[in-house]
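Asker: Supplied in structure tokens, the structure appears directly below.
The values are calculated or read from the model by the stated rules, or taken from the named source; none is laboratory data. Fair warning: this is a prediction, and the values are worked out from it, not measured in the lab. Cβ sites come from the backbone with ideal geometry, for glycine too, and all protein chains shown count toward neighbours.
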Amino acid sequence: MGKQAQLTLDSVKISVGAATFFISQQGAERLITLLVEATPLVEDAERANFLRMAGRTQEAVHPRVAGVLAFGFTSTGLPYLVQMVDQRVENYPLSLPAHDVIDIGAKLADALSVAHNWGTTFGEIDVSHVLRGADGQPILILPHLPMSSGNGQVALRPHEEVFRLGEILMTMLPADLDDDSSLEEKLRGLLSSAMRGDLIAAALRDRLKILQMESAPARVGVQALTQVPLNDGPLHGTVSIVTGDLFDQHGDIVVGFSDTFDTATAGSRIISSASLQGQLVDRIFGGDVNELDRALDSALAEVPVESVEIRDAKPLGKLRRYPIGTVAVLEREGRRIFAVAFSRMGNNLTAGSNAGFLRCSLNKLWDVMRPHCAGRTVAMPVIGAGLSRMGLSRQKLLELIIYSYRERAQVNPACGELRIVAHPSDLADADLLGIE
């Protein structure tokens, strides 16, 4: 048998009514935390409430939140919860550039929006609960047990958590505003709105994503273009990676959807207004979501429906579910839009995907594209890099897309040129030379 990794108690944090033990596992890049409530729960109603809330927290999985491994009660009735981060983590520095704070905030606001859709909250988070992982991404450690207990601890309401997040992000910024930083000034104004209670988590996420997209081109500079060979011999079709705006590209485009093909962006409850689906409504369909819905209904008219939700189960949005990989081909002003279902929309209005879903969707996308796009250019985003919560780096997503297309192009390319359009903010963790 191999040598087992040793557990080391690194530190203990005592808060009102609870203790958090930070445990590292030597020989493995991971952090384990154990939260233990100081007061035993003896009433059946209290114990049931803890189990219900902890179960919801475990279900509200998000790549930016420490995963819940287990929860339950000690032999003396103390409730506990175990979390794990499967990589090395460290504290953030006290002062960060505005664009870094925007990126952290957008990801954590998305994590809050997922939890709120599941009917749970994280609680009294502060800057010490936000850690930086070895992948450079933020990770949120749950600050206390997800419950209301006899010690007077009361779970925060969603708008109070947005207030807490706004406070955390504000403390990450430099103490003094740089006179030349219009981006930082916009960010501070946005965070002030969050701290006034004006924004739900999803709206804060969307506003931060829009700020990120507006600021990225100025920081990255000129557009980059990389051509990726598909094999060692003559090219059978071309794959190019460019930075820029998907909707500014000439030719046909690909846009990712969920299996319900939801489109509503009002209030950011179902579809993020900052997502490509939200931009599709504004940029291609003139802001008329009903016109997009009619086009989707027409394109999907002959596609068998996989299942139909009931309204009590899915309170908002569309009810018909289509198989993962379904492609709706839309026509608009001489260009085709390939709307591909690569994620599954939960009844809690949170979309999720994984590498298997993406591979399946890409294979079906190439099949549908081929009869329409011989010799044509098709532009597609780095599918999965947005808010589908896949947990894969941009590098892995780019490699997955290119590998899938390369396999198919050996036999018959789906189009004349596949142009992968990465927004400048998508390229922070991508090595284009490595992909070549």
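Asker: Only residues in region 269-292 that are more than 24 Å from G352 (Cα to Cα) count as the first member; pair them with residues that are crowded, with 22+ Cβ neighbours inside 10 Å, Cβ under 6 angstrom, at least 6 apart or cross-chain, and list the lot.
Answerer: Listed pairs, sorted by first residue: F285/L292.
Asker: Another question about this same structure. Identify all residues within region 331-351 that are under 16 Å from K318 (Cα atoms) and free of Cβ contacts under 8 Å to residues at least 60 places away in the same chain; write none if there are none.
Answerer: The one that is under 16 Å from K318 (Cα atoms) and free of Cβ contacts under 8 Å to residues at least 60 places away in the same chain: N347.
Asker: Now, a different point. Tell me, which residue of region 358-377 that is in contact with a Lys or Arg (Cβ under 7 Å, 6 or more places away or on another chain) and not hydroxyl-bearing (S, T, Y) is farthest from S113 (Cα to Cα)?
Answerer: Selected residue: H372.
Asker: Which residues, counting only those in region 59-77, are modelled with pLDDT of 85 or more and surrounded by fewer than 16 Cβ atoms within 10 Å (Cβ to Cβ)?
Answerer: G67, L69, A70, G72, F73, T74, S75, T76, G77 - these are the residues of region 59-77 that are modelled with pLDDT of 85 or more and surrounded by fewer than 16 Cβ atoms within 10 Å (Cβ to Cβ).
Asker: Then there's this: If I go through region 408-436 residue by residue, how many of them are modelled with pLDDT of 85 or more and of a type in the set (D, E, K, R)?
Answerer: Here the count works out to 2.
Asker: Can you tell which of V12, V85, V16 is of a type in the set (V, I, T), outside the structural domain of G352 (by TED's automatic domain parsing) and modelled with pLDDT of 85 or more?
Answerer: So the residue among V12, V85, V16 that is of a type in the set (V, I, T), outside the structural domain of G352 (by TED's automatic domain parsing) and modelled with pLDDT of 85 or more is V85.
Asker: What tally of residues in region 390-404 results from selecting those that are modelled with pLDDT under 90 and either surrounded by fewer than 16 Cβ atoms within 10 Å (Cβ to Cβ) or not hydrophobic (A, V, I, L, M, F, W, C) (or both)?
Answerer: Counting residues in region 390-404 that are modelled with pLDDT under 90 and either surrounded by fewer than 16 Cβ atoms within 10 Å (Cβ to Cβ) or not hydrophobic (A, V, I, L, M, F, W, C) (or both) gives 7.
Asker: Among the residues of region 304-326, is there at least one that is of a type in the set (A, V, I, L, M), part of a helix (DSSP H, G or I) and either over 22 Å from the mean Cα position of the chain (by Cα) or buried (at least 18 other Cβ atoms within 10 Å of the Cβ) (or both)?
Answerer: Among the residues of region 304-326, not one is of a type in the set (A, V, I, L, M), part of a helix (DSSP H, G or I) and either over 22 Å from the mean Cα position of the chain (by Cα) or buried (at least 18 other Cβ atoms within 10 Å of the Cβ) (or both), which makes the answer no.
Asker: Sort out which residues of region 143-192 are of a type in the set (G, A, S) and at pLDDT 90 or above, and write them in order of number.
Answerer: Answer for region 143-192, where residues must be of a type in the set (G, A, S) and at pLDDT 90 or above: G166, G189, S192.
Asker: Right, another one. Please count how many residues of region 332-349 are in a strand (DSSP E or B) and either under 17 Å from the mean Cα position of the chain (by Cα) or at positive phi (or both).
Answerer: Within region 332-349, residues that are in a strand (DSSP E or B) and either under 17 Å from the mean Cα position of the chain (by Cα) or at positive phi (or both) number 5.
Asker: Still on this model: Run down G278, G286 and say which single residue is modelled with pLDDT under 90, closer than 22 Å to D248 by Cα, of a type in the set (G, A, S) and surrounded by 15 or more Cβ atoms within 10 Å (Cβ to Cβ).
Answerer: Sole residue among the options that is modelled with pLDDT under 90, closer than 22 Å to D248 by Cα, of a type in the set (G, A, S) and surrounded by 15 or more Cβ atoms within 10 Å (Cβ to Cβ): G278.
Asker: Let me ask something else. Assess whether T33 counts as being under 22 Å from I168 (Cβ atoms), more than 22 Å from the chain's Cα centre (by Cα) and β-branched (V, I, T).
Answerer: yes
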